[in-house]
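**Q** So that we are looking at the same thing, I have put the structure below in structure tokens.
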Amino acid sequence: MKGVINETINERNILKNQVDTIEQFKVLDYLKKQLSIGKFDLFLIDRFTIKVIDKNNEQGYFKYNSKTKSVDFYEKNIKNKEMER
């Protein structure tokens with residue numbers, strides 16, 4: 001999975017928490033606790049971000065924030081440098 005952008009996370013990867021980075025793991029763990037993620041398509045975007053698409057093709061981005069140690073939601077993908085401003 002390393003280095004691939006916009007890679008689908010399949011059900012097996014979700015069950016086994018198989019992602020590329022610790023930050024992605026933290027986002028996936030958050031999503032598993034907050035959403036019925038079986039109803040969504042998940043994609044690895046970068047080392048901090050997982051994109052979620054619902055059945056209506058609405059999408060959102062969940063990004064791990066290293067400074068606050070929390071997961072933030074964005075309607076559009078925000079690059080890490082933009083987050084720091």
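**Q** Which ones in segment 26-63 are surrounded by 15 or more Cβ atoms within 10 Å (Cβ to Cβ) and in a helix (DSSP H, G or I)?
**A** Within segment 26-63, Lys26, Val27, Leu28, Tyr30, Leu31, Ile37 meet the criteria.
**Q** Still on this structure: Within the group Asn77, Asn13, which residue is modelled with pLDDT under 85 and open to solvent by less than 100 Å² (accessible area, probe 1.4 Å)?
**A** Only one candidate passes the filter, namely Asn77.
The values are calculated or read from the model by the stated rules, or taken from the named source; none is laboratory data. All values reported here derive from a predicted model rather than from experimental measurement. Glycine gets a Cβ as well: all are built from the backbone with ideal geometry, and neighbour counts include every protein chain shown. Please note that ligands, DNA and RNA were not included when accessible areas were found on the heavy atoms of the full protein model with its side chains. Shrake-Rupley method; radii C 1.70, N 1.55, O 1.52, S 1.80 Å.
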